[in-house]
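Every number in this text was worked out from the coordinates using simple rules, so none of it is lab data. Quick caveat, the model's predicted, so the values are computed rather than measured. Using ideal geometry, Cβ is built from the backbone for each residue, glycine included, and neighbour counts are taken over all protein chains shown.
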């Protein structure tokens, strides 16, 4: 074994390949073949700009409520690498990851792999040995050339298509949509949750002979104050409805998409399991509320304009009686000015934080210049994310709100700080109420 601790492995993985992101299936396919990876259980693959994590979490919650053993692979992690791979409701252990990494290292020979490719193969290697009923894979970037796509999914989900990661995926929704549709397979189910999908998604599905189901065409939902109804089709194409469903903590757009996808899974899913999963599902770092000294702290990993619009809608749906402030830190390659313009009317004060040691992060002074160009006042330099949150809380009273957003890195630092204050347990991530993974 090359290393004896997970920390050593991860440090090595971060620098052993020439490029951090190197899209393509050739290298990872070669190593997967050497490892004899061939999943025998049904596989759901989830792609999309936003909402992937919510779809994975809800699929897992519903199937788990039915009693199935579910394996999920997601990225990135917030605090612990182990968050990425969950087997039957628990994070994989360090020892399991060490065994997987060692097996991959031995099998790869001279083939160089990225950090993400190593992690993907580790998940598949562990899933193959875990006696699972179903596996749910989240695409890391795009879809067509993402390492996850070496697996032929029985059901593919595309949650949404928006502009993000332009350097790798393209600068318009048509091009990006084609990349995400790359997870579709001939003769298999593809469920599209975007209410206005690019034509490229539909055309590709038609061209390869996938069975594409689209929101507001094949399935839809309606919402009332305390519940919602879903309309779709079952695996035979007959009309199917759920009435009086509990409102989940994830967006109904994503919940409706998941319900349609599960109709085509070759596993029985009862009405009771659907309702239980909807009631229990939660996803850390997505519109997550934590009360600290009477202040409502909201953590959200929103890092593109579409996700920020969703965050704004959530804040408007759940207003507070007091004042609202925010802590913001973001990667430099994002559409920062547009993100700021969406939420700048929502906050009285902005604490701009620096993500020290992160070469991709935008400097707080650069972000401040963008806010000033939008004539925003009440801008503060907070230093680190932790220091910024501390200052924002200190100036807040009971009934006020502090929103922390901009990137996964931002929320991860916030969670660590709040853990030290006793506000949140980051030894694990809560994905279902009462179920600490």
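Calculate the spin-label point distance for residue 268 paired with residue 358, positioning each point 7 Å from the Cα along the beta-carbon direction, and give it in nanometres.
Each label point lies 7 Å from its Cα, and together they span 4.7 nm.
Once fully extended, how much extra length lies between residue 247 and residue 90, figured as 0.36 nm per residue of separation less the alpha-carbon to alpha-carbon distance?
54.0 nm
Give the order of 157, 62, 150 when sorted by the count of other beta carbons within 10 angstrom, beginning with the fewest.
By the 10 Å Cβ count, ascending, the order reads 150, 62, 157.
Treating segment 87-175 as a set of equal point scatterers at the Cα positions, no solvent, please give the Debye-formula log₁₀ I(q)/I(0) at q = 0.17, 0.21, 0.22, 0.25 Å⁻¹.
Log10 I(q)/I(0), no solvent term: -0.86, -1.13, -1.18, -1.34.
Expressed as a fraction of 2.2 N^0.38 Å, the rule-of-thumb size for a compact globular protein of N residues, what is the C-alpha radius of gyration of the chain?
That works out to 0.96 for the chain.
Suppose the chain between residue 110 and residue 275 were pulled fully straight at 0.36 nm per residue; how much longer would it get relative to their current alpha carbon spacing?
Between residue 110 and residue 275, full extension yields 54.5 nm more.
In units of 2.2 N^0.38 Å, what is the alpha-carbon radius of gyration of segment 288-436?
0.97
What distance in nm lies between label points placed 7 Å from Cα along the C-beta direction at residue 8 and residue 384?
So the two model labels end up 2.7 nm from each other.
Cβ neighbours within 10 Å, averaged per peptide: list 41-54, 93-106, 172-185, 271-284 in order, most packed at the top.
Peptide ranking by packing, descending: 41-54, 172-185, 271-284, 93-106.
Could you check how many percent of all C-alpha pairs in segment 361-428 are farther apart than 16 Å?
Tail of the P(r) past 16 Å holds 55 percent of the pairs.
Which order results if 221, 381, 318 are arranged by neighbouring Cβ count within 10 Å, fewest first?
Exposure proxy ranking, most exposed first: 318, 381, 221.
Students often check this: by mean Cβ neighbours within 10 Å, which of 109-121, 400-412 ranks highest, and how do the rest follow?
400-412, 109-121
On the Cα set of segment 251-359, report Rg and Dmax in Å, please.
Gyration radius and largest Cα-Cα distance of segment 251-359: 17.5, 51 Å.
Using a 10 Å cut-off around each Cβ, can you sort 218, 296 from fewest to most neighbouring Cβ atoms?
218, 296
Looking at segment 156-275, what % of the alpha carbon pairs are farther apart than 22 Å?
36 percent
One quarter of the convex hull surface, Cα atoms only: what value does that give for segment 196-263 in nm²?
Answer in nm², one decimal: 5.1.
Sorting check: for 242-254, 127-139, 355-367, which peptide has the highest mean count of neighbouring beta carbons within 10 Å, and how do the rest follow?
Result, highest mean Cβ count within 10 Å first: 127-139, 242-254, 355-367.
Can you compute the label reach from residue 15? Point 7 Å from Cα along the Cβ direction, backbone N cut-off under 20 Å, restricted to segment 392-420.
Counting backbone N atoms under 20 Å from the label point, the list is empty.
On alpha-carbon atoms, Rg over Rh for segment 46-113 using Kirkwood Rh?
Radius of gyration relative to Kirkwood radius: 1.04.
How big is the equivalent ellipsoid of segment 1-109 along its three axes, where each semi-axis is √(5λ) from the Cα gyration tensor, reported in whole Å from largest to smallest?
25, 17, 16
Rounded to the nearest 500 deg cm²/dmol, what is the calculated helix-only ellipticity per residue at 222 nm for the chain, with -39500 (n - 2.57) per DSSP H run of length n ≥ 4?
That calculation yields -11000 deg cm²/dmol at 222 nm.
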